[in-house]
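Colleague: If you scroll down you'll find the structure; I have some questions about it.
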Amino acid sequence: MKIVLLTSNSPLQHQLFSRLNESSEIVGVVISRNIVKPKFSWFFQKKQSVWVRTFGRPMLIAWREMLSHFARIAPGFQDCESICVEQINSIETVEFVRRLKPDIICVSGTNLLGKKLISDLQSITGRGVLNLHTGLSPYIKGGPNCTNWCLALNRMEWIGNTIMWIDPKIDTGAIVLTQCTPLEGNETLLELNIKVINHAHDLYVKTILWISQGHDIQAVSQDSISKGTTFFTRDWDYKQMIRAFWNFRSKFNPERMSFENRSKLLMGTKVVDLEYGLIPADLSLRDTN
């Protein structure tokens, strides 16, 4: 199966490229610099930067160490045709993808895709455009880091990942696969971040393999499961940073993150699995290998 990957130039995306390329053929990569008009004032950006360096320092250090970890093991977009664009919604993106004629398009780490780009991409490939969200949809959407939001909200059973068909909104596309990340409850912040990213890439690989084998892929509307909540960068203030670190230190433990307890906390909710369709969430905690 031929894939074009729309992504950014990050060690996380280099690792995803390597993982997908192991079992499929990535024929091209569009690397977006994600240059968009600033959404926030200079004062807000400066204020949040101070908050992150002060109150969010443990999470910041863990994130930077995770990037270093993947930089050491993922060489980059090697031996693959690629282009670099200022932002993903450019005519160059469409022209590049149209020339390569992929079977499917995978998205991860770009700025928001617009309606026109999505429509153009869907007309090129007969299968559609897949998106990776490092959060358990539909319960937790947006960013800047849904794992940290789970900690801040004390909803650690929501730590997980989702593969969905893309739409123009934020993490609201019809779900293909969403699963909780298997955790022991004794991970450091660094180990937690690494496990979430590796699990996300596992699900992407599993989804592509499933499609390449000719299986039908369900597209389950997120609204049919739960309304969920969308989080934004502007909401990630010093209070949330303090709550996230405090909850991690005091409430993230083996008992809390056990299969039985997470199943109990998720009871009555629904997730989607490639083999079972819409199923009780406790089954989503199975090993994805």
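The values are calculated or read from the model by the stated rules, or taken from the named source; none is laboratory data. Everything quoted here is computed from the prediction, not taken from an experiment. Cβ coordinates were reconstructed from backbone atoms using ideal geometry, including for glycine residues, and neighbour counts include every protein chain displayed.
Colleague: Take the residues of the range 67-124 that are of a type in the set (S, T, Y) and more than 15 Å from S18 (Cα to Cα): which is nearest to the chain's Cα centre (by Cα)? Lay out the reasoning, then the answer.
Modeller: From the range 67-124, those of a type in the set (S, T, Y) are 68, 82, 90, 93, 108, 110, 119, 123; that's our starting set.
Then keep just the ones that are more than 15 Å from S18 (Cα to Cα); that gives 68, 90, 93, 110, 119, 123.
Numbers: S68: 19, S90: 22, T93: 21, T110: 11, S119: 22, S123: 24 Å.
Filtering first and then ranking leaves T110.
Colleague: To continue, here is another question. Identify the residue in the range 220-254 that is charged (D, E, K, R) and modelled with pLDDT under 90 and, among all such residues, is farthest from L153 (Cα to Cα). Spell out how you get there, then give the answer.
Modeller: From the range 220-254, those charged (D, E, K, R) are 223, 227, 234-235, 237, 239, 243, 249, 251; that's our starting set.
Then keep just the ones that are modelled with pLDDT under 90; that gives 223, 227, 234.
Details: D223: 22, K227: 17, R234: 16 Å.
Step by step, filter the range 220-254, then rank; the result is D223.
Colleague: Restricting to the range 166-187, count the residues that are surrounded by fewer than 18 Cβ atoms within 10 Å (Cβ to Cβ) and either among the hydrophobic types (A, V, I, L, M, F, W, C) or in contact with a Gly (Cβ under 9 Å, 6 or more places away or on another chain) (or both).
Modeller: 3
Colleague: I'd like to verify a number: residues in the range 200-236 that are under 19 Å from Q13 (Cβ atoms) and either free of Cβ contacts under 8 Å to residues at least 40 places away in the same chain or not basic (K, R) (or both), how many?
Modeller: At the first step, the residues of the range 200-236 found to be under 19 Å from Q13 (Cβ atoms) are 200-208.
Then drop every residue that is not either free of Cβ contacts under 8 Å to residues at least 40 places away in the same chain or not basic (K, R) (or both), which leaves 200-205, 207-208.
Total meeting the criteria: 8.
Colleague: Of all the residues that make up the range 81-99, how many are touching a residue at least 40 places away in the same chain (Cβ under 8 Å), surrounded by 16 or more Cβ atoms within 10 Å (Cβ to Cβ) and not small (G, A, S)?
Modeller: Residues flagged as touching a residue at least 40 places away in the same chain (Cβ under 8 Å), surrounded by 16 or more Cβ atoms within 10 Å (Cβ to Cβ) and not small (G, A, S) within the range 81-99 amount to 6.
Colleague: Shifting gears a bit: Of the residues in the range 210-267, how many are out of contact with any strand residue (DSSP E or B) (no Cβ under 9 Å at 6 or more places or on another chain), of a type in the set (G, A, S), surrounded by 13 or more Cβ atoms within 10 Å (Cβ to Cβ) and not in a helix (DSSP H, G or I)?
Modeller: Of the residues in the range 210-267, 1 are out of contact with any strand residue (DSSP E or B) (no Cβ under 9 Å at 6 or more places or on another chain), of a type in the set (G, A, S), surrounded by 13 or more Cβ atoms within 10 Å (Cβ to Cβ) and not in a helix (DSSP H, G or I).
Colleague: Please count how many residues of the range 188-208 are buried (at least 19 other Cβ atoms within 10 Å of the Cβ), among the polar types (S, T, N, Q) and within 13 Å of the chain's Cα centre (by Cα).
Modeller: Matching residues across the range 188-208 total 1.
Colleague: Consider R57 carefully, then state whether it is surrounded by fewer than 18 Cβ atoms within 10 Å (Cβ to Cβ) and within 23 Å of I242 (Cα to Cα). Spell out how you get there, then give the answer.
Modeller: Working: surrounded by fewer than 18 Cβ atoms within 10 Å (Cβ to Cβ): yes; within 23 Å of I242 (Cα to Cα): yes.
Considered against the rule, which asks whether it is surrounded by fewer than 18 Cβ atoms within 10 Å (Cβ to Cβ) and within 23 Å of I242 (Cα to Cα), R57 comes out as yes.
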